[in-house]
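The values are calculated or read from the model by the stated rules, or taken from the named source; none is laboratory data. All figures in this text were calculated on a predicted structure; none of them were measured in a lab. Because the Cβ atoms are built from the backbone with ideal geometry, glycine has one as well, and the counts that use them run over all protein chains shown. Note: areas computed on protein heavy atoms with side chains; ligands, DNA, RNA excluded. Shrake-Rupley method; radii C 1.70, N 1.55, O 1.52, S 1.80 Å.
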Amino acid sequence: MWAELKLLAPGLVYVRIHGGKRTFDSIGIKNISDANGEKDLHFLTACGATYGLHVIGNEKLFEADNIDSLSSPFGAVLEEKLTASVNIRAAVATAYINGGFYNRFNLKFPNSTADKGKAEHATIGFARTLGRITVTSSRSILCSSSLLDGIVLPFIDPPAKYLDKYETVNLTGQSVVTGAPAIARNGDPAFTDADMVEDRYKYNPDNITPGLLNHAEHPNPRSAIIVPTSPGRNANYLLLAAFSTSDKRGAEATGFTMVEWARVASRLARLDDRNGQPMNSIALNLDGGASTVMGADLGGLKLLDVRQHKETRTPYLVAMVPINKV
């Protein structure tokens, strides 16, 4: 067992916990299996007095030779709009995690039924970047807006089978992200063993459509955000990521099942307890597996860069952005 604690910037703290069942028991995260090996949990927490939580463009934003532009996989027009909307090069650190599920044409998995009528990296469910915009249709690629408005990323509807589990969460300002499932509410687990009784959470190798939740029973790499539902200067935001410590996938991986992930999120949500009462918050599961990425950047200098696969570049990010830089 070992742990790491770093102050990356004023108001921004990074924690890593690596260990087995006894380690997680000791910090109040119970019933975590280490049958496949030790777990590797990372999280970032930021003070609401210093940081806001936003949807932004992809990781090209933080490449040293491209730091003044906000890039996008969705084409030149959208990239121009995103670039005009926000430039978050900053003298203080910006922290980020991968976003929600997205449409992916994966040639390695011929059984994938991604929506080839939509952009390859379209988000599963609605997502909006910094700014303001009115959505008129869930099938719109881009809604009309000025360059000062928030940008609605190309998106497709969540799978009908899991529609009741998808949630759209308002972040700072007008940023919005969609993910599934909600794994904790107000410090209590929101996805439990009772959910796992349902067949829709059992892995089916013949159906790996993007946005399905039939990976819930496997100990996969995962990511999540914890967002106060009544945000304020004293409320903290958290970004969570779990990485598999082996090259094995599926049932043999060393990440977390969705039930375990909910236990992790519920415990971390209680870090903001006030007089024994948890802050009102929601923990939302985001994309995971090979897409799992966590990082922090200071004007082009990488303060943190952790990813399940080194070649992974996620289409969009959820980021802790210094509020005086928006």
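Brief remarks follow.
- Near-label residues of the range 19-45 by backbone N, under 12 Å of a point 7 Å along Cα→Cβ of LEU5: none
- In the frame of its principal axes, the range 167-326 has Cα extents of 47, 39, 26 Å, reported largest first.
- The alpha carbon convex hull volume per residue for the range 244-324 rounds to 151 Å³.
- Residues listed by number, the range 1-24, amide nitrogen under 19 Å from LEU303 label point at 7 Å toward C-beta: 4-17
- Accessible surface of the range 228-308, 1.4 Å probe: 45 percent of it comes from carbon and sulfur atoms.
- Extension gain from LYS161 to LEU271, taking 0.36 nm per residue of separation minus the Cα-Cα distance: 36.2 nm
- Per-peptide average of other Cβ atoms within 10 Å, ordering 212-218, 10-16, 255-261 highest first: 255-261, 212-218, 10-16
- In this simple spin-label approximation, ILE323 and ASN280 carry label points 7 Å from Cα along the Cα→Cβ vector, and these lie 1.8 nm apart.
- Cα radius of gyration and Dmax for the range 235-291 (Å): 13.6, 43
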